[in-house]
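Some notes on the structure that comes next.
Please treat every number below as a calculation from the coordinates, not as lab data. Here the structure is a predicted model, which means the values were calculated and not measured. Neighbour counts are summed over all protein chains in view; Cβ atoms, including those assigned to glycine, are modelled from backbone coordinates with ideal geometry.
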Amino acid sequence: MPRTPRVAIVGGGIGGLAAALALERRGVETIVFEQAPTLSEIGAGLNLTPNAIKALRALGVEDQVTAVASGSDFLNIRSWKSGRYISRTRRGDFKEKFGAPNLSVHRADLLGVLAGALKTTDVRTGMRAVAIEGGAREAMVRFADGSAIEADIVVGADGIHSVVRKCLFGSDAPRFTGCICWRGMAPADAVPRDIAIADGAMWMGPHGHVVHYPVRRGELLNIVAHFDSAGWTEESWTRECDVSEPVTTYTRWHSDLTRIFPCSARWYKWALYDRDPLEKWSVGRATLLGDSAHAMLPYLGQGAAMAIEDACVLAAVVAKMPDDLDAALADYERVRAPRAKAAVFGSRARAKENHLASPWAQLKRNVKFALRQRFGAGGRKRDNTAFQVGWLYSYDVGKEVG
Ligand SMILES: Cc1cc2nc3c(=O)[nH]c(=O)nc-3n(C[C@H](O)[C@H](O)[C@H](O)COP(=O)(O)OP(=O)(O)OC[C@H]3O[C@@H](n4cnc5c(N)ncnc54)[C@H](O)[C@@H]3O)c2cc1C
């Protein structure tokens, strides 16, 4: 009888818990080590595109996520100054075309669903990994408290500033994109009634774009504002700032947008950095998952989606080849790396078009989006998403892993 592999996951965020759930559902013994004293998430929203919902379906938690998520009737792209609708996508279109809806969720609610679904996984909080060695037969994690553990596989799901990645591949060299973001979360009933907030909206203008969508079944409005600026270079998601920053930055934008900013009591800002995708994800029996493997710019809303897809594939290959974990990790990387890399490059490419400054270039882009949305892109009739991301949305990791 082959011995059941033991997998240690560093990081109890969305990717780490998704991996734990996928592994335990396939009968693999799993331990999660999270540095924070409790499993927790920042107070921000996540847009879950159809491929993310299909990955959650493969994990068996689609219904639980749907119960805490919000789905607007339309996803709109609007012009920064006039407020005109550049394109409107019906929610039903996503399900019809890609086999799952597009939903938005509070990050803490998604983490709660994943954590709540775990039955056998040992989750240890307050455990900060400081060193990892990827040996040929086992991998070892050392923790800040001086303890250490060995496992058949160690998975670094420890996010954008991954210690596991650093130990395996050295420090990365992120490039500042010249763009900063602000995020806020407003109670929906604090927003003036004449502003339409039930639908997801993306406002596009010179040097910036702003996204807002409902979360927690419409109780809250998540707001993320991006702008080209070199005025801030810290890559932290939890640095607070004053509401006057977004208010001043977008002062010339449509009032249906600018009147929303003061409705959030707290604002945070961070600088956006870009990283090249890694060529390899594993060293011996240590590997990476989620942002540690493929941190990407947020413009296609795929960071969490890719982490959940990674989780499904990792669990499937480990369960399929418990006697040959080297082959399992090679398969994991073979299946996941090309798709994750395409999402990294796709997000990078989108950055430029979102922030066009010249009115003529903006007009051309807006007409293109409207035409695509209405008629589909040439040759790809089904892909009538404004950003031509049907290749991302149509993927079903459940079909990939069986
Ligand atoms: C404001 C915001 C909005 C976003 N919007 C979207 C969106 O709409 N759609 C989308 O798909 N993606 C979105 N993303 C990206 C997405 O959130 C990330 O890609 C996703 O969280 C990656 O999951 P992860 O588990 O790899 O990393 P994380 O969620 O960062 O989790 C890493 C975990 O590891 C823990 N950890 C770190 N270091 C250690 C250590 N040394 N030892 C032990 N534990 C450690 C951390 O405490 C954390 O719990 C957004 C990101 C932000 C910040």
I need the peptides 141-148, 64-71 ranked by packing, meaning the mean over residues of other C-beta atoms within 10 angstrom, with the highest value on top. 64-71, 141-148
Amide H partners (placed H, <5 Å) of LEU48, local residues excluded: LEU103, SER104, VAL105
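What is the local net charge at ALA304, summed over the other residues whose Cβ is closer than 12 Å to its Cβ (Lys, Arg +1; Asp, Glu -1)? Can you show the working numbers first?
On the way: positive: ARG107; negative: GLU41, ASP291, GLU309, ASP310.
Around ALA304, the surrounding residues sum to -3.
Restricting to DSSP H runs of at least four residues, report the calculated mean residue ellipticity at 222 nm for the chain, -39500 (n - 2.57) per run over all residues, nearest 500 deg cm²/dmol. Write out the running numbers ahead of the final one.
Working: 14 runs with 142 residues, N = 402.
Per the formula, -10500 deg cm²/dmol.
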Quick one: Karplus J couplings for segment 323-333, per residue in order, coefficients 6.51, -1.76, 1.60, θ = phi - 60°, nearest Hz, x for Gly and Pro? 8, 9, 6, 5, 5, 4, 5, 5, 5, 3, 5
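What is the magnitude of the charge dipole of the chain about its Cα centre, with +1 placed on the Cβ of each Lys and Arg, -1 on the Cβ of each Asp and Glu, and no other charges, expressed in debye to the nearest 20? Can you show the working numbers first?
Numbers: 52 positive and 44 negative charges, 340 e Å.
That gives a dipole near 1640 debye.
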If unit charges are put on Cβ atoms (+1 for Lys and Arg, -1 for Asp and Glu) and the dipole of segment 218-296 is taken about its Cα centre, the option from ILE223, SER264, THR287 lying farthest towards the positive end turns out to be THR287
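Can you tell me the dipole magnitude for segment 199-246 around its Cα centre, using point charges on the Cβ only (Lys, Arg +1; Asp, Glu -1), in Debye to the nearest 20? Don't jump to the answer; show the numbers that get you there.
Working: 3 positive and 8 negative charges, 50 e Å.
That gives segment 199-246 a dipole magnitude of about 240 debye.
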I'd like to know which of GLY156, GLY178, LEU168 lies farthest towards the positive end of the charge dipole of segment 156-200, counting +1 on Cβ of Lys and Arg and -1 on Cβ of Asp and Glu. LEU168
May I ask you to evaluate 6.51 cos²θ - 1.76 cosθ + 1.60, the Karplus curve with θ = phi - 60°, for each residue of segment 222-239 and list the ³J(HN,Hα) values in order in whole Hz, giving x for glycine and proline? 8, 10, 10, 10, 10, 8, 6, 6, 9, x, 8, 10, 8, 9, 10, 8, 10, 7
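Kindly work out what percent of the DSSP beta bridges joining two residues of the chain are antiparallel, to the nearest 5.
Working: 53 of 73 bridges.
About 75 percent, rounded to the nearest 5.
Let me spell out the model: positive unit charges on the Cβ of Lys and Arg, negative unit charges on the Cβ of Asp and Glu, origin at the Cα centre of segment 146-219. What dipole size does that give, in debye rounded to 20?
On the way: 7 positive and 8 negative charges, 44 e Å.
Dipole about the Cα centre, nearest 20: 220 debye.
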Using only Cα atoms, find the angle between the long axis of helix 359-375 and the longest principal axis of the chain, and express it within 0 to 90 degrees, rounded to the nearest 10. 70
Interchain or long-range residues, amide H under 5 Å from ARG128's placed H: ALA144, ASP145
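Among rounded, prolate and oblate, which fits segment 1-68 when a ≥ b ≥ c are the square roots of the eigenvalues of its C-alpha gyration tensor, a/c under 1.5 means rounded, and a/b larger than b/c means prolate?
On the way: a/c = 2.84, a/b = 1.32, b/c = 2.15.
In terms of gyration-tensor shape, oblate.
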Defining a contact as two alpha carbons under 8 Å apart and six or more residues distant in sequence, what relative contact order in percent does segment 54-164 show? 16
Hey, what do the phi angles of segment 174-184 turn into as Karplus ³J(HN,Hα) couplings, whole Hz, using 6.51/-1.76/1.60 and θ = phi - 60°, x for Gly and Pro? x, 9, 5, 7, x, 10, 10, 10, 10, 9, x
So how far, in whole Å, is the C-alpha centre of segment 57-115 from the one of segment 121-136? 34
For the chain, build the charge dipole from Cβ charges (+1 Lys, Arg; -1 Asp, Glu) around the Cα centre, then report which of PHE98, VAL401, PRO298 sits farthest towards its positive end. PHE98
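What number, in percent, do you get for the relative contact order of segment 213-290 if the mean sequence gap of Cα pairs under 8 Å and at least 6 apart is divided by its residue count? Intermediate values should be presented prior to the final figure.
Numbers: 57 pairs, mean separation 23.8, N = 78.
Computed value for segment 213-290: 31 percent relative contact order.
Would segment 215-271 count as rounded, prolate or oblate if I go by the C-alpha gyration tensor, calling it rounded below 1.5 in a/c and otherwise prolate when a/b exceeds b/c, oblate otherwise?
Details: a/c = 2.05, a/b = 1.22, b/c = 1.68.
Judged from the Cα gyration tensor, segment 215-271 comes out oblate (a/c at least 1.5, b/c at or above a/b).
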